[in-house]
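The values are calculated or read from the model by the stated rules, or taken from the named source; none is laboratory data. Since the structure is predicted, the reported quantities are computational estimates derived from the model, not experimental observations. Every residue, glycine among them, receives a Cβ derived from its backbone with ideal geometry; neighbour counts consider all protein chains shown. Ligands, DNA and RNA are excluded from the accessible area calculation, which covers all protein heavy atoms including side chains. Shrake-Rupley method; radii C 1.70, N 1.55, O 1.52, S 1.80 Å.
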Amino acid sequence: MDESYEIVHNDRPEPAAIGVIGQGIHAYNEEMGGQQHYQSLCFFLHGPKDEIVGGLIGATYWDWFYIDLLWVTEELRGQGYGPRLLAEAETEARQRGAKNAFLDTFSFQAPDFYRAQGYVVFGELPDFPAGHTRYYMQKQLS
């Protein structure tokens, strides 16, 4: 190793430093996998006073739909808003050309909800956090 290079620990990096890493991996990924055509995909559930009471945050890229966050306030759960948010987001993802969807969820969150919507587990990370499991799930959209 060239000793003129130094590894520096920094728990509070500047956004520009993070950007250098992100741009580097993005360029490499596109070189190897082709254009990502990344687009955010977001739906929000607004309440009577226009407050946000739920929503889905995700993205489409490489013909996949990634679901990052899906949340509905506790008092509205079980009333069909979650499945509706997910269905509308999947429809938009299909219109963008997504053929599949993927996400991760914890055992104390919503694996049964996603199973009921047609998602299947393709990976598990046990004891993360301790006493729980992190599930990786996917669904064919086309």
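I'm trying to understand the selection: among the residues of segment 64-114, which are more than 13 Å from L41 (Cα to Cα) and either in contact with a Pro (Cβ under 7 Å, 6 or more places away or on another chain) or of a type in the set (D, E, K, R) (or both)? Result: E74, E75, R77, R84, K99, D104, T105, D112. For segment 85-118, which positions are within 14 Å of the chain's Cα centre (by Cα) and hydroxyl-bearing (S, T, Y)? T105, Y114 - these are the residues of segment 85-118 that are within 14 Å of the chain's Cα centre (by Cα) and hydroxyl-bearing (S, T, Y). Reported count of residues in segment 97-142, each being out of contact with any Asp or Glu (no Cβ under 7 Å at 6 or more places or on another chain), under 19 Å from F65 (Cβ atoms) and of a type in the set (S, T, Y), is 4.
For (1) open to solvent by less than 20 Å² (accessible area, probe 1.4 Å); (2) in a strand (DSSP E or B), each residue gets a yes or a no:
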site: G54; (1), (2): yes, yes
site: W71; (1), (2): no, yes
site: L86; (1), (2): yes, no
site: A98; (1), (2): yes, no
site: D104; (1), (2): no, yes
site: R115; (1), (2): no, no
site: G118; (1), (2): no, no
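Every test in (1) part of a loop (DSSP other than H, G, I, E, B); (2) loosely packed, with under 13 Cβ neighbours inside 10 Å; (3) not hydrophobic (A, V, I, L, M, F, W, C) is passed by S40 save one, and that test is (1). So is L125 in a strand (DSSP E or B), surrounded by fewer than 18 Cβ atoms within 10 Å (Cβ to Cβ) and not aromatic (F, W, Y) or not? Yes; evaluated as a whole, the condition is true for this residue.
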